[in-house]
Amino acid sequence: MKNTVVMKFGGTSVGSSDRISAVAKKIAKYIKEKNEQVVVVVSAMTGETDRLVELCRKVSGSKYSQREYHQLLSSGEQVSAALTAMALLREGVQAKSLLAHQVRIRTKHVYGTELIMAIDKNIIEENIKSGIVPIVAGFQGVDEFNNYTTLGRGGSDTTAVALAATLDSVPCIIFTDVDGVYTALPSICKQAKKLRYLTYEEMLELASSGAKVLQARSVHLAHKYKVPLWVRSSFSDDYGTEIVKEYKDMEDAVVSGITCRTDQVKITLRDIPDTPGTLARIFSVIGEAGIVVDMIVQTKGLGGITSLSFTVNEESGDKTFETLSMLVKQEMNKARIEIDKNIAKLSVVGEGMRTHAGVASKMFEILGREGINIDMVTTSEIKISVAIDQKYAELAVRSLHEHFIEF
Ligand code: ASP
Ligand code: MG
């Protein structure tokens, strides 16, 4: 659809009645000035999804019905979508809230997550043609049995990008409570700078390494469907950060961002048999349990045994431990399992790493100088990640930022 833009407003942007009114004014002003069609996606009001998760835990304990969990969680976005539509109507703009079943956001359960299979763009287009601004509830989907599903925490970003992709890859602006993507978290690192541009791949690496500004899946989708993507503040008119295919000025800084996440745990399996198929067996059991694994390190021992460490999200930690305990008991009775909850994953990301050598050695040298021990290492073409002790996480971010970015 020509002249259309998808605008997504996050939880803080719609966090109170005043903020919803401000968002409505911003949308109304945009429509008037730019003469563009707008499709809006909203998150639940800030804190609401956490409140619902907590209610679920209180009522059900640790074992709960997946169906009811999604029915419950998806309700937060219904509230903010309806309120945003009301606020727009008050501004004199025709608007209508639309839930996942009304836009037919079809999802399918694949490897522990709900993936969007299709969105019915006719409904959106019909509304636009009638002069109505569609306000789509983010985060929600509907499965093949008409049950509500949800797209994982932060999933409204993915709703917004998927809608933009469906509408023939129109631009998507993610409005949030920060004015763009920073070289590091400003609350940890005072010297952090706002980035004017980032490539999709850098943004994807940053998002999956702890930068909370966008859900990683949404960046992947935007890249795949060539959706122009911006991160902007809903509270200012700043240009924000634009996510681009490649830099026009290729001689940019080697490192674009430093992130740190402390929401992972490390699982170690010691004294497992060093035989073909052992790792396949371990990871197939974990995969079947719907657990997503991140960093993996294997250390070979003597005498036909080996040790294996890997990280998983902390909410999967106990489940991983239980799943492996069962496997060890049944098939590898000499093995031992340990769980370390005090790790941090520290990453440096930058397109420049494709062509510059020595980033890893410099990173290790800086951490060594600060007395920080490195537990695990993984790399991609544009990222180096290490696992370290959580208590050094902020110090490590500041030291790496000082060296790689503030020179
Ligand atoms: N409300 C959901 C969450 O808190 C989705 C989102 O905000 O994007 O995770
Ligand atoms: Mg978010």
Derived scalar couplings ³J(HN,Hα) [segment 290-296; Karplus, 6.51 cos²θ - 1.76 cosθ + 1.60; whole Hz; x for Gly, Pro]: x, 9, 9, 9, 10, 7, 9
Carbon plus sulfur fraction of accessible area for the chain, probe 1.4 Å, in percent: 51 percent
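What does the charge add up to near Pro171, with Lys and Arg as +1, Asp and Glu as -1, over the other residues with Cβ less than 13 Å from its Cβ?
On the way: positive: Lys2, Lys8, Lys34, Lys226, Arg232; negative: Glu36, Asp168, Glu242.
Counting the neighbours of Pro171, the net charge comes to +2.
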Three-way shape call for the chain based on the alpha-carbon gyration tensor, with the a/c threshold at 1.5: oblate
Antiparallel content of DSSP bridges confined to the chain, in %, to 5: 65 percent
For the chain, with +1 on Lys and Arg beta carbons and -1 on Asp and Glu, the positive-most of Pro171, Ser17, Val42 along the dipole: Ser17
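Near Arg217, within a Cβ-to-Cβ distance under 13 Å, what is the net charge of the other residues, with Lys and Arg +1 and Asp and Glu -1? Kindly include the intermediate steps, with their values, before the conclusion.
Working: positive: Arg153, Lys224; negative: Glu114, Asp157.
For residues surrounding Arg217, the net value is 0.
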Accessible-area value, Ser233, 1.4 Å probe, nucleic acids and ligands omitted, Å²: 10 Å²
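What does the highest-first list of 275-284, 262-271, 297-306, 316-325 look like by mean Cβ count within 10 Å?
Details: 275-284: 13.4, 262-271: 18.5, 297-306: 11.8, 316-325: 16.9.
The packing order, highest mean first, is 262-271, 316-325, 275-284, 297-306.
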Residues with amide H under 5 Å from that of Gly141, placed H, sequence gap 5 or more: Thr149, Thr150
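Using a 1.4 angstrom probe, figure out how much accessible area the chain has per residue, in square angstrom, rounded to the nearest whole. Don't skip to the answer; put the middle values down first.
Values: 19930 Å² over 407 residues.
The answer is 49 Å² per residue.
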Relative contact order (%) - criterion: Cα under 8 Å, at least six apart; region: the chain: 14 percent
Cα-based shape type of segment 94-224, given that a ≥ b ≥ c are square roots of the gyration tensor eigenvalues and the cut on a/c is 1.5: prolate
Phi-based couplings in Hz for segment 137-150 (Karplus 6.51, -1.76, 1.60; Gly and Pro marked x): 6, x, 6, 8, x, 9, 8, 5, 9, 6, 8, 5, 10, 9
Computed lengthening from Ala253 to Ala82, 0.36 nm per intervening residue step minus Cα-Cα distance: 57.2 nm
Degrees separating the helix 278-288 axis from the principal Cα axis of the chain, which is the longest one: 30 degrees
Ser169 versus Lys32: modelled label distance in nm, points set 7 Å from Cα along the beta carbon direction: 3.4 nm
In degrees, nearest ten, helix 156-166 long axis to first principal axis of the chain (Cα): 60 degrees
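Would you calculate a helix-derived [θ] at 222 nm for the chain, using -39,500 (n - 2.57) for each DSSP H run of n ≥ 4 and dividing by the full residue count, to the nearest 500? Don't jump to the answer; show the numbers that get you there.
Working: 13 runs with 149 residues, N = 407.
Value at 222 nm, helices only, nearest 500: -11000 deg cm²/dmol.
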Environment charge of Thr262, counting only residues whose C-beta is closer than 9 Å and scoring Lys/Arg +1, Asp/Glu -1: 0
Candidate residues Phe404, Phe310: accessible-area rank, largest first, probe 1.4 Å: Phe404, Phe310
Helix 48-60 vs. the chain, principal-axis angle (Cα, 0 to 90°, nearest 10): 60 degrees
Fluctuation leader among Pro228, Pro186, Pro171 - the chain, Gaussian network, Cα springs under 10 angstrom: Pro186
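I need the calculated FRET efficiency for the pair Gln66 and Asp263, taking r as the beta carbon distance and R₀ as 22 Å, to the nearest 0.05.
On the way: r = 22 Å, r/R0 = 0.98.
In this case the efficiency is close to 0.55.
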Segment 177-245-segment 56-100 distance, computed between alpha-carbon centres (Å): 26 Å
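For Val244 and Ser380 in the same chain, what is the full-extension length gain: residue separation times 0.36 nm, less their Cα-Cα distance, in nm?
Working: separation 136, 0.36 × 136 = 48.96 nm, distance 1.94 nm.
Stretched fully, the Val244-Ser380 segment lengthens by 47.0 nm.
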Cross-link pairs beyond the 32 Å C-alpha cut-off, checked among Lys212/Lys341; Lys224/Lys300; Lys194/Lys362: Lys224/Lys300
From phi via Karplus (6.51, -1.76, 1.60), per-residue ³J(HN,Hα) for segment 220-232 in Hz, x at Gly/Pro: 4, 4, 4, 5, 4, 9, 6, 8, x, 10, 10, 10, 9
Cα-based reach from Lys2 at 19 Å (exclusive), listing aspartates and glutamates while leaving out same-chain residues under 8 positions away: Glu33, Glu36, Asp120, Glu125, Glu126, Asp168
Extension gain from Glu370 to Leu89, taking 0.36 nm per residue of separation minus the Cα-Cα distance: 95.5 nm
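The values are calculated or read from the model by the stated rules, or taken from the named source; none is laboratory data. Computed from a predicted structure; not experimentally measured. No Cβ is skipped: glycine too gets one built from the backbone with ideal geometry, and neighbour counts run over all protein chains shown. The accessibility values were calculated without ligands, DNA or RNA, using every heavy atom of the protein model including side chains. Shrake-Rupley method; radii C 1.70, N 1.55, O 1.52, S 1.80 Å.
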